Amino acid sequence: MSTIHAPRLRLGIALAPLAIVVGMLAAPRANAQTSGADVAKLAAMPVAQQTQWLSQTIKSGELAKMNDDAIVAGLQALNPEALVRFLKAESAALPEYQYELTRHERINNQWQTTPDRMLVKIREKPLQIYAKWLPDGAHSGQEIIYDENKNPKEMYGHLGGILGFTSIWSSIDGTLARSQSNHTVRDLGFGFIAEQIAHDGRSFRAAGLPEKPARISVSEVNGVRVLALEWDAPSGPPQHYANKSRVLIDLKTGRPRGIEAWDASGQKTEEMRFEKVRKEQWTDATFDPKNPDYKF
């Protein structure tokens, strides 16, 4: 007869309720009453178990298999802190990575005619970033490197085109940086997204407002099925990220796929899309301007 070790048994018992809820939410609904009971069980779980549920349903592929209504019901049942914990854990599990960013912003009240298209390479701790502006977007050919260990308040870079003959140090929050984006280079990491959701949650809580998203839906972006979470805030920065914000989460990977924001008048202030996310293992040369692959 085989022996069942106590720690393994305890783990199995602890995860059993999660497996049951995952199965019930993913299965076809017999009636509305059953669906309500499933969601009630999920809502009654402690935050830690809800976080496990979200992680498990995404990693197993079950979330992507659910119909839209089941996904929305499940996410509405979660404590907002569960989403924050999940996103922070996913960011921590991706310490070095690259992705392609499409960034469209309203700068000085002018919606930019051509969005930035960027290749971004990141090491989260210490925060090191290399970014190159791609040919099919604004500021093509531009490059920057940021290393918080070497110079936390400045980045090293050059412009694109005929002005790219010299590289200089400039403030991450200076006039040149702000002329191209309302964000600093430090905002390029996925950890920034989780922290902004957490920040707004604290702001809503302090103001006596509900922390949960005002609207949760499922949509499609460039052929990818995503979870869309929307928040309405009484004011914009610095108290809140925006008057209205939307975060898009890939249902298959759990990683951010986009951010959108609007001001008090309803004008869109930014639209970002994250594509071709890939885990990497960088060397120090990745964040060295002397790298022969770069044009500093």
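Worth a mention:
- Test: residue in segment 90-102 that is out of contact with any strand residue (DSSP E or B) (no Cβ under 8 Å at 6 or more places or on another chain) and modelled with pLDDT of 95 or more: no
- Pick from segment 244-289, criterion more than 24 Å from Glu220 (Cβ to Cβ) and among the acidic types (Asp, Glu), ranking: surrounded by the fewest Cβ atoms within 10 Å (Cβ to Cβ): Asp284
- Segment 118-140: number of residues that are within 18 Å of Lys153 (Cβ to Cβ) and among the β-branched types (Val, Ile, Thr): 1
This table checks each residue for (1) outside any loop (DSSP other than H, G, I, E, B); (2) under 20 Å from Ser91 (Cα atoms); (3) within 12 Å of the chain's Cα centre (by Cα).
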{"residue": "Ser235", "(1), (2), (3)": "no, no, no"}
{"residue": "Thr253", "(1), (2), (3)": "no, yes, yes"}
{"residue": "Ser265", "(1), (2), (3)": "no, no, no"}
{"residue": "Lys276", "(1), (2), (3)": "yes, yes, no"}
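- Close pairs from segment 192-216: first in a strand (DSSP E or B), partner aliphatic (A, V, I, L, M), Cβ under 6 Å, at least 6 apart: Ile216/Val72; Ile216/Leu75; Ile216/Leu229
Yes/no matrix, rows are residues, columns are (1) charged (D, E, K, R); (2) under 26 Å from Arg255 (Cβ atoms); (3) under 22 Å from the mean Cα position of the chain (by Cα):
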position: Glu100; (1), (2), (3): yes, yes, yes
position: Met118; (1), (2), (3): no, yes, yes
position: Pro126; (1), (2), (3): no, yes, yes
position: Asn151; (1), (2), (3): no, no, no
position: Ser171; (1), (2), (3): no, no, no
position: Lys212; (1), (2), (3): yes, yes, yes
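- Count of residues meeting criterion [assigned to a loop (DSSP other than H, G, I, E, B) and in contact with a helix residue (DSSP H, G or I) (Cβ under 7 Å, 6 or more places away or on another chain)] in segment 237-251: 4
- Residue match in segment 264-273 (condition: closer than 27 Å to Lys132 by Cβ, in contact with a helix residue (DSSP H, G or I) (Cβ under 9 Å, 6 or more places away or on another chain) and of a type in the set (A, V, I, L, M, F, W, C)): no
- Residue in segment 132-154 that is touching a Ser or Thr at 6+ places or on another chain (Cβ under 8 Å) and of a type in the set (Ser, Thr, Tyr) present: no
- Members of segment 146-169 found to be surrounded by 10 or more Cβ atoms within 10 Å (Cβ to Cβ) and part of a helix (DSSP H, G or I), listed by number: Gly161, Leu163
The values are calculated or read from the model by the stated rules, or taken from the named source; none is laboratory data. Note that the structure is predicted; figures quoted are calculated from it, not measured. Reconstructed Cβ throughout: ideal geometry from the backbone, glycine too, with neighbour counts over all protein chains shown.
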